[in-house]
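Student: Please see the structure below; I have some questions.
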Amino acid sequence: MEFVKMHGAGNDYVYVDCFDQTVPSDLPELARRISHRRFGVGADGLILVRPSEQADAWMHMFNADGSESEMCGNGIRCVAKLVQDRGYANASPLTIESGGQVYTIQTQCDDDGKVCQVTVDMGKPILQPERIPTLISGDPHVVDVQVEVDGRRFPVTCVSMGNPHCVVFVDHADDEWVLKIGPQLENDPRFPKRVNVEFVEVLSPTEVRQRTWERGSGETWACGTGASAVCVAGVLTGRTERTILNHLLGGDLTLRWDEDSDHVFMTGGATEVFRGTW
């Protein structure tokens with residue numbers, strides 16, 4: 001099986017072009033094996049790039065633990081790069097299906113004609129608790145609602161960007177928050193489908209720093225849907241403006257929550273690391 005390793009802001013996945021090859025039937029097991037950082041290729045997960053009946057391609061995504069996921073903002077930028085660089089879609093804009101939705105994507109190319117920068121229309125944020133889903137009550141949305149985890153009380157804001165997110169604004173996103181509170185929140189029964197957790201330091205109304213505990217993958221160097229959720233949460237809690245620069249461990253993303261359309265737009269890089277055979 002031929003694959004390509006790519007990353008968006010350090011959020012790395014193994015990508016398999018399924019336009020011209022088949023893959024094993026046990027995809028969760030394949031995802032676990034190929035994602036292992038000591039015994040496999042090493043990645044935050046596996047993404048299959050498949051033909052779609054309603055878009056230029058379908059992004060079929062699995063986390064490193066083998067669980068299937070609905071959407072990945074950094075992953076979809078790399079899928080757009082693969083699809084355009086290999087000629088499956090002729091030019092920008094193109095469309096990618098993921099998690100039952102179709103996303104519109106604008107690409108920018110370098111001097112060699114390869115995609116290097118991508119803007120994704122991430123769609124409208126979902127704020128109704130039952131649709132995120134979360135059992136935490138809101139009025140009507142879960143915005144700065146106090147919760148208690150491991151004897152510590154703090155406010156959370158919950159947003160879905162096609163997958164569930166819990167945003168926690170902190171003074172300093174240290175390991176105590178990310179590595180201890182992150183996995184407990186991920187598996188908290190108040191999140192029926194588990195949850196991605198973002199710990200965010202606000203540097204200014206237009207700039208933040210984010211660390212992410214990602215559902216099924218642990219801490220990742222970036223999370224595009226999480227960065228989009230942070231943009232929304234910052235506005236809802238009055239901490240940030242509608243356009244922000246988000247510093248993640250693996251790089252920067254620019255987010256904009258458009259007031260007229262209610263859509264979130266995310267811009268960042270898409271980088272091919274290497275190709276190989278599994």
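Student: Mind checking the angle between helix 73-85 and the chain's longest principal axis? C-alpha axes, 0 to 90 degrees, to the nearest 10.
Tutor: In the chain, helix 73-85 runs at an angle near 20 degrees to the longest axis.
Student: Give the aspartates and glutamates reachable from residue 114 as a straight Cα distance under 15 Å; neighbours fewer than 8 places away on the same chain don't count.
Tutor: Correct list for residue 114: 85, 272.
Student: Further question on the same structure: Provide, for q = 0.13, 0.14, 0.16 Å⁻¹, the log10 of I(q)/I(0) from a solvent-free Debye sum over equal Cα point scatterers in the chain.
Tutor: So the normalised log intensities work out to -0.81, -0.94, -1.22.
Student: With contacts defined as alpha carbon pairs under 8 Å and 6 or more residues apart, what's the relative contact order of the chain in percent? Each step should come with its number before you reach the end.
Tutor: Details: 716 pairs, mean separation 55.6, N = 278.
This gives 20 percent for the chain.
Student: May I ask for the distance between the Cα centers of the stretch 241-263 and the stretch 24-51, given as a whole number of Å?
Tutor: 29
Student: Sorting 277, 240, 22 by accessible area (1.4 Å probe), largest first, what list results?
Tutor: Values: 277 100, 240 15, 22 125 Å².
Sorted descending by solvent-accessible area, the residues read 22, 277, 240.
Student: Taking the Cα centre as origin and putting +1 on Lys and Arg beta-carbons and -1 on Asp and Glu beta-carbons, what dipole magnitude results for the stretch 219-278, to the nearest 20 debye?
Tutor: Numbers: 4 positive and 8 negative charges, 37 e Å.
Here the stretch 219-278 has a charge dipole of around 180 debye.
Student: Taking the convex hull of the alpha carbon atoms in the stretch 57-157, what volume per residue do you get, in Å³?
Tutor: Values: hull volume 15.0 nm³, N = 101.
Spelled out: Cα convex hull of the stretch 57-157, divided by residues, is 148 Å³.
Student: Among the lysines, which fall within straight-line cross-link reach of residue 180, defined as a Cα-Cα distance under 24 Å, with same-chain neighbours fewer than 8 residues apart omitted?
Tutor: By straight Cα distance, residue 180 reaches 193.
Student: With +1 on the Cβ of every Lys and Arg and -1 on the Cβ of every Asp and Glu, and nothing else charged, how large is the dipole of the chain about its Cα centre, in debye rounded to the nearest 20? Don't skip to the answer; put the middle values down first.
Tutor: Details: 25 positive and 41 negative charges, 86 e Å.
Roughly 420 debye, rounded to the nearest 20.
Student: Ordering 5, 193, 114 from largest to smallest accessible area (1.4 angstrom probe), what's the sequence?
Tutor: 193, 114, 5
Student: For n ≥ 4 DSSP H runs only, could you compute -39500 (n - 2.57) per run for the chain, divide by its residues and tell me the 222 nm figure to the nearest 500?
Tutor: Working: 4 runs with 40 residues, N = 278.
Dividing the helical sum by the residues of the chain leaves -4000 deg cm²/dmol.
Student: On the full set of protein chains, 1.4 Å probe, figure out the accessible area of residue 37 and give it in Å² to the nearest 10.
Tutor: Around 140 Å² of this residue is reachable by solvent.
Student: All other residues with a Cβ under 11 Å from the Cβ of residue 244 taken together, and with Lys, Arg as +1 and Asp, Glu as -1, what is their net charge? Please list the in-between numbers first.
Tutor: Numbers: positive: 209, 239, 242, 256; negative: 207, 241, 252.
Local net charge: +1.
Student: Here is a follow-up. May I have the extent of the alpha carbons of the stretch 228-278 along their three principal axes, as whole Å values ordered from largest to smallest?
Tutor: 47, 24, 16
Student: About its Cα centre, how strong a charge dipole does the stretch 14-156 have in debye, to the nearest 20, once Lys and Arg get +1 and Asp and Glu get -1 at the Cβ?
Tutor: Details: 13 positive and 21 negative charges, 61 e Å.
So the dipole magnitude of the stretch 14-156 works out to roughly 300 debye.
Student: Could you tell me what percent of the DSSP beta bridges with both partners in the chain are antiparallel, to the nearest 5? Provide the component values of the computation, followed by the final result.
Tutor: Values: 65 of 79 bridges.
The antiparallel fraction comes to roughly 80 percent.
The values are calculated or read from the model by the stated rules, or taken from the named source; none is laboratory data. In this text the structure is predicted, and so the values were computed from the model without any measurement. Every residue, glycine among them, receives a Cβ derived from its backbone with ideal geometry; neighbour counts consider all protein chains shown. Surface accessibility is based on the protein's heavy atoms, side chains included, excluding ligands, DNA and RNA. Shrake-Rupley method; radii C 1.70, N 1.55, O 1.52, S 1.80 Å.
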